[in-house]
Structures are given as C-alpha cells and as structure tokens.
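Chemist: Let me begin by handing over the structure; questions about it come next.
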Amino acid sequence: MSAHEDRTPAGKCDADVACLHAPCFQVQLETSRQAYRQANACAYHMADVIQAVRAWAAERGVADGQLTILAIEPAAGGRQPDPRGFAFSKIPLTSLQRHDPEPAE
C-alpha cells in the first residue's frame, strides 16, 4: 500500500498498484502526536487500506489516535478526487478490552 503522508490526495486506489478502480474512500489517521497518514481506497479495497493504516500506526507505537473514513468523489477524466469528503465513520486505534465471562459455579 502506498499511503500519503501529506494531505494531497492521489487519483488512484492505494491498496494495490494494479487496482484500476477509482478511489471513493479516504482513510485518515489522526493522532495527538502529530503522526498523520492518509490513503485512498476503492470500494473493493477499503478494508485492506484500513488494516494497512492501522498496522502502520502500530509499527510506530501510535495508539492514541483514530481513523476517519471519508466518502470522496471519485476522480473522473484524470482529475484528482475532491479532498473534501463526507466523514461517515471514526474508528479508534485502541481496541476495546474483551472480558471473558466468569465461569459458572
């Protein structure tokens, strides 16, 4: 995956260099430590991009941020996608602790 460290969107899906689908989602990592990452995804690769950005954050010890998932207008005619998207989901990087139920007596 080729994610973008700057805030300039690219006109292709970042999950796979061979992907020919237009990106219609953007995954943005936002943290309090000024770590920032964003990547574009087509509908077929959105889960892959989310996992890749989460892995990137984990490799760098970033656990206090969130992923914001935006729906963006797909690029058409060689132009860049509109960077102003509709944020429809926020995913915290920290996962909820799973508590196993107490064994029955």
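The values are calculated or read from the model by the stated rules, or taken from the named source; none is laboratory data. Only a predicted model underlies this, so the values are computations on that prediction, with no experimental measurement involved. Because the Cβ atoms are built from the backbone with ideal geometry, glycine has one as well, and the counts that use them run over all protein chains shown.
Chemist: Tell me the residue from ALA18, ALA55, ALA43 that is at pLDDT 85 or above, outside any loop (DSSP other than H, G, I, E, B) and of a type in the set (A, V, I, L, M), please. Even if it seems obvious, please write down each step before you answer.
Modeler: Working: ALA18 fails: outside any loop (DSSP other than H, G, I, E, B); ALA43 fails: outside any loop (DSSP other than H, G, I, E, B).
Checking each option against the conditions leaves just ALA55.
Chemist: Across region 1-15, what is the number of residues that are surrounded by fewer than 17 Cβ atoms within 10 Å (Cβ to Cβ), at pLDDT 55 or above and among the acidic types (Asp, Glu)? Write out each step before concluding.
Modeler: Keep residues of region 1-15 that are surrounded by fewer than 17 Cβ atoms within 10 Å (Cβ to Cβ), which gives 2, 4-8, 11.
Retained after the next criterion (residues that are at pLDDT 55 or above): 11.
Keeping just the survivors that are among the acidic types (Asp, Glu) gives none.
So the answer is 0.
Chemist: In the set ALA75, ALA35, which member is buried (at least 18 other Cβ atoms within 10 Å of the Cβ), over 14 Å from ILE91 (Cα atoms), modelled with pLDDT under 90 and more than 12 Å from the chain's Cα centre (by Cα)? Lay out the reasoning, then the answer.
Modeler: Working: ALA35 fails: buried (at least 18 other Cβ atoms within 10 Å of the Cβ).
Of the residues listed, the single one that is buried (at least 18 other Cβ atoms within 10 Å of the Cβ), over 14 Å from ILE91 (Cα atoms), modelled with pLDDT under 90 and more than 12 Å from the chain's Cα centre (by Cα) is ALA75.
Chemist: Kindly indicate whether any position in region 40-55 is free of Cβ contacts under 8 Å to residues at least 40 places away in the same chain, surrounded by fewer than 19 Cβ atoms within 10 Å (Cβ to Cβ), closer than 14 Å to THR94 by Cα and among the aliphatic types (A, V, I, L, M).
Modeler: Scanning region 40-55, I find at least one residue that is free of Cβ contacts under 8 Å to residues at least 40 places away in the same chain, surrounded by fewer than 19 Cβ atoms within 10 Å (Cβ to Cβ), closer than 14 Å to THR94 by Cα and among the aliphatic types (A, V, I, L, M), so the answer is yes.
Chemist: Output the residues belonging to region 38-63 that are polar (S, T, N, Q) and farther than 19 Å from ALA87 by Cβ.
Modeler: Quick first cut of region 38-63, residues polar (S, T, N, Q) only: 38, 40, 51.
Across region 38-63, the qualifying residue is only GLN51.
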